[in-house]
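Chemist: Can you keep this structure in mind? I'll have questions shortly.
The values are calculated or read from the model by the stated rules, or taken from the named source; none is laboratory data. The structure presented is a predicted model; accordingly, all values stated were derived computationally and were not measured. Here the Cβ is made from the backbone with ideal geometry for all residues, glycine too, and neighbour counts use every protein chain on show. With ligands, DNA and RNA removed, areas are computed over all heavy atoms of the protein, side chains included. Shrake-Rupley method; radii C 1.70, N 1.55, O 1.52, S 1.80 Å.
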Amino acid sequence: MSGESWLLALLFFLVALAYSSVGHGGASGYLALAALFGLAPEQMAPSALLLNILVSGTAFVAYQRAGHFSLRLLVPFALTSIPAAFLGGLTRVSARTYSLLLGGVLVYAAFRLALLAAGKADEPRLQPPRPSVSLPSGAGIGYLSGLVGVGGGIFLSPLLLLARWADAKRTAAVSAAFICLNSAAGLFGHLQRTSIAWSLFLPLVGAAFAGGLIGSTLGAWHLPGLWLRRILAAVLAVAAFKLLRTALV
């Protein structure tokens, strides 16, 4: 591997560590790094989704073992998001539109989460939303996630926290499962019109898995909810900055 390849692997490790600590797979971070290193994010999307499945699956196991997972909260969102993610993966958009769309959404999510992270600590027990709210929300999140090549946690997590449907730990656990399912559906859609860049993907698997294992263990067992929200806001902001910079330069 060249020096640049080692640097990219290190950065993927750090992205996976940070994202998995809040139950995410890191696809938006991988795509931002791809853009930073001159790789077309829309071509990297299938590989990012495959890494997403690996890292979010690792995060789900850690959070589930720690007792934070709620199947009742996950199911209504997942029912509509999975087919919508597949449809989103089939949809073509230009590279500029793609980067602007994803970057804009990340800016909004990071801003709202930063406000939440500065507020009070988690409430003890919160009720999940009604199906009339979670089903259409899942469909919208799923389609947008499939379209831009991410698992949807960057959209679901802020929604769960801001609407006070779950605390930070439960949000991370549900998001990890949601991301894994959504990423698989979105990947299937992408593979109908493109292929995985194996030459880029394979050298990064070990780095992403190691980061995901360490980050998810820290998040599930050691980091308090306030810090999880702060980390989530920070990683969203960094990913948004890099994507928008690429699209606007």
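Chemist: As an exercise: evaluate Val75 against (1) without any contact (Cβ under 8 Å) to a residue 12 or more places away in the chain; (2) assigned to a loop (DSSP other than H, G, I, E, B) and give the number of the one condition it does not meet.
Modeler: (2)
Chemist: Pick from Thr97, Thr58, Thr80: which is surrounded by fewer than 21 Cβ atoms within 10 Å (Cβ to Cβ), in contact with a helix residue (DSSP H, G or I) (Cβ under 7 Å, 6 or more places away or on another chain) and in a helix (DSSP H, G or I)? Before the answer, list the steps.
Modeler: On the way: Thr97 fails: in contact with a helix residue (DSSP H, G or I) (Cβ under 7 Å, 6 or more places away or on another chain); Thr58 fails: surrounded by fewer than 21 Cβ atoms within 10 Å (Cβ to Cβ).
Going through Thr97, Thr58, Thr80 in turn, the sole match is Thr80.
Chemist: Please pick out the residue among Ala208, Ala220 that is open to solvent by less than 10 Å² (accessible area, probe 1.4 Å), over 17 Å from Gln64 (Cβ atoms) and part of a helix (DSSP H, G or I).
Modeler: Exactly one of Ala208, Ala220 is open to solvent by less than 10 Å² (accessible area, probe 1.4 Å), over 17 Å from Gln64 (Cβ atoms) and part of a helix (DSSP H, G or I), namely Ala208.
Chemist: Another question about this same structure. Check off (1) modelled with pLDDT of 85 or more; (2) touching a Lys or Arg at 6+ places or on another chain (Cβ under 9 Å); (3) open to solvent by 10 Å² or more (accessible area, probe 1.4 Å) for Ala35 and give me the number that stays unchecked.
Modeler: Among (1) modelled with pLDDT of 85 or more; (2) touching a Lys or Arg at 6+ places or on another chain (Cβ under 9 Å); (3) open to solvent by 10 Å² or more (accessible area, probe 1.4 Å), the lone unmet condition for Ala35 is (1).
Chemist: Same structure, new question: Yes or no: Pro128 at pLDDT 90 or above and either within 14 Å of the chain's Cα centre (by Cα) or open to solvent by 20 Å² or more (accessible area, probe 1.4 Å) (or both)? Before you say what the answer is, go through the steps one by one.
Modeler: Numbers: at pLDDT 90 or above: no; either within 14 Å of the chain's Cα centre (by Cα) or open to solvent by 20 Å² or more (accessible area, probe 1.4 Å) (or both): yes.
Here the answer is no, as Pro128 does not meet what is asked.
Chemist: Would you mind stating whether Gln43 is within 20 Å of Phe178 (Cβ to Cβ) and either open to solvent by 10 Å² or more (accessible area, probe 1.4 Å) or modelled with pLDDT of 85 or more (or both)? Explain how you work it out, then say what you get.
Modeler: Numbers: within 20 Å of Phe178 (Cβ to Cβ): no; either open to solvent by 10 Å² or more (accessible area, probe 1.4 Å) or modelled with pLDDT of 85 or more (or both): yes.
The answer is no for Gln43.
Here is a yes/no grid of residues against (1) of a type in the set (Phe, Trp, Tyr); (2) more than 19 Å from Ala110 (Cα to Cα); (3) touching a Ser or Thr at 6+ places or on another chain (Cβ under 6 Å); (4) open to solvent by 30 Å² or more (accessible area, probe 1.4 Å):
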residue: Leu135; (1), (2), (3), (4): no, yes, yes, yes
residue: Tyr143; (1), (2), (3), (4): yes, yes, no, yes
residue: Ser157; (1), (2), (3), (4): no, no, yes, no
residue: Asn182; (1), (2), (3), (4): no, yes, yes, no
residue: Leu187; (1), (2), (3), (4): no, yes, no, no
residue: Leu191; (1), (2), (3), (4): no, yes, no, yes
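Chemist: Quick one: would you say Ala168 is touching a Lys or Arg at 6+ places or on another chain (Cβ under 6 Å) and within 15 Å of Tyr63 (Cβ to Cβ)?
Modeler: Details: touching a Lys or Arg at 6+ places or on another chain (Cβ under 6 Å): yes; within 15 Å of Tyr63 (Cβ to Cβ): yes.
Judged against the criteria, Ala168 is a match.
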